[in-house]
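Student: Here's a structure for you.
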Amino acid sequence: MSYRRKTTAAEDRAMSGSTITVLSAWMAIVSAINIQLIPENPVIQSSVTLNVTGIIGKILTILWCKGPNTNSENHILTYLANDDSPIIVGDKYFTRVQAFSNGSLAITNLSVHDGGQYMVKIQTQIAPDQASIDFRVYEPVSKPIITASPSQVQESDAVNLTCSAVNADQIIWKKDGSILPDDIRLSADNTTIEFSSVNNTDAGNYQCEARNIASQSTSDLYTLTVPYGSECSTCGTNTAAISGVACAAVLIIAILLSICFLLYKKCVHPVHDIPRSPYEREDPCVIYDNVLELTPARNIQPYSTQRSKEEPAYMVLQYASESHYNEINR
C-alpha cells in the first residue's frame, strides 16, 4: 500500500506560480505580434498602414516609436485604451500619423524621410509584447532614355548604348522586342550595352526598362543603324544634297541654252534670210511681164554685112505691179 503526501499551502502557491509563468511564456511565444506593411512597397505621396497582427488579449496601451529602441526620445505616440484622451504625443510625433485601437498605425502623404525603423510595444492584460519593422518609401522610376556614344556610328566602331533613369534599381534590355542575344556584352550594373566592334548584325531596335520594387517604366525605341564600309549615317543626306545641286545646275544650263536659241532665232537667223541681190533669192510666187523695148532705127544695115553699133533689142522683165491684178479682176 502506498500513501500520497499532502502538499502544503506554500508548495501549492509555488506550483501555481510556476504554471502561470510557463503558460505566459508559452503564450508569448505562440502569440508573438508582428507588423505587416499595407501596401508592401509604399511610394511617395501615397499612404501606408503598419498593421499589427498576433495580439492576444485585451489591449491596454500601445506605444509607437521611430528608432532602434523604445527610449523616450524615439516616441511617436502612446495610445491609452481606457482614457478619455487616448493619444499622448512624443518627441517624434507628426500630424500625418494616426493610431488605431487595434494597435495599427497609418501614415499619409508619405515622403522619403518617413522610411526607417519603427517599433511598437503593446501591453495587454496577459503580457507586454513588441515588434519592429524597417521599410523604405520608394520614388517612382522616371522614363528611361537611351543614348549612343559616339552618336555617329560606323562599322567596326566601339559603341556604347546607355540606359539612364532616376530611382531605378534594375535595368532590363530588349532588342527587336526580345531578350538580348547572349553575345551582347553588358556593363556590371546592366545600364550599358558595350560593342567593342559594331557590325551590321548589331543593328536593330533597342529598348530598356527601368524598375524598382514599387514601379517600372519603359524607354522609347532606339534604332541602331550600322552602315557598311565608308558609309555613314549622314550619307543619305549628302547624296540628296548633291543630287539637288546637280539638278539645279542642269536646269540652269537648260534655261541658258533656251535663251541663246531664242536670241539666235530673233537676231541672227533673219539676217541670213535677206537676199543680197535680186538674183540670190527669187520668190516663186512673183509674176513677171514681158516688155519689149524698142529703140529708134538709125541707118540699120543688113545684119549680114554690118553689126549694129546700137544695143540690140532685149526683153526687160518688170515686176508686175498690183495694178495688173486689179485690171484682171475688173
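Student: Being touching a residue at least 12 places away in the same chain (Cβ under 8 Å) and polar (S, T, N, Q): is that true of Gln98 here?
Tutor: No: the conditions fail for Gln98.
Student: Right, here's the next one. In segment 176-192, what count of residues is obtained for those that are over 18 Å from the mean Cα position of the chain (by Cα) and either farther than 15 Å from Thr162 by Cα or of a type in the set (Val, Ile, Thr) (or both)?
Tutor: Number of matching residues: 6.
Student: What residue, among those in segment 113-132 that are part of a loop (DSSP other than H, G, I, E, B) and aliphatic (A, V, I, L, M), is surrounded by the fewest Cβ atoms within 10 Å (Cβ to Cβ)?
Tutor: Ala127
Student: Moving on. Of all residues in segment 37-53, how many are touching a residue at least 60 places away in the same chain (Cβ under 8 Å) and in contact with a strand residue (DSSP E or B) (Cβ under 8 Å, 6 or more places away or on another chain)? Give the steps one after another, and end with the answer.
Tutor: First, the residues of segment 37-53 that are touching a residue at least 60 places away in the same chain (Cβ under 8 Å): 37, 41-48, 50, 52.
The next check asks that each one be in contact with a strand residue (DSSP E or B) (Cβ under 8 Å, 6 or more places away or on another chain); those that pass are 37, 41-44, 47-48, 50, 52.
Final tally of qualifying residues: 9.
Student: Further question on the same structure: Take Ser104 and decide whether it is surrounded by 15 or more Cβ atoms within 10 Å (Cβ to Cβ) and at negative phi. Walk me through how you get there before you give the answer.
Tutor: Details: surrounded by 15 or more Cβ atoms within 10 Å (Cβ to Cβ): yes; at negative phi: yes.
So Ser104 passes the test.
Student: Just a yes or no: is a residue in segment 27-38 polar (S, T, N, Q), under 42 Å from the mean Cα position of the chain (by Cα) and modelled with pLDDT of 95 or more?
Tutor: yes
For (1) at pLDDT below 90; (2) touching a Gly at 6+ places or on another chain (Cβ under 9 Å); (3) farther than 30 Å from Pro39 by Cβ, each residue gets a yes or a no:
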residue	(1), (2), (3)
Ala168	no, no, no
Ala210	no, no, no
Tyr222	no, no, yes
Cys247	yes, no, yes
Leu257	yes, no, yes
Leu263	yes, no, yes
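Student: Something else: How about segment 140-162: which of its residues are of a type in the set (D, E, K, R) and farther than 18 Å from Val226 by Cβ?
Tutor: Lys143
Student: State the number of residues belonging to segment 188-221 that are open to solvent by 30 Å² or more (accessible area, probe 1.4 Å), farther than 29 Å from Asn41 by Cβ and in a strand (DSSP E or B).
Tutor: 2
The values are calculated or read from the model by the stated rules, or taken from the named source; none is laboratory data. Quick caveat: nothing in here was measured; it's all calculated off a predicted structure. Positions of Cβ are generated from backbone atoms using ideal geometry, with glycine treated the same way; all protein chains shown enter the neighbour counts. The accessibility values were calculated without ligands, DNA or RNA, using every heavy atom of the protein model including side chains. Shrake-Rupley method; radii C 1.70, N 1.55, O 1.52, S 1.80 Å.
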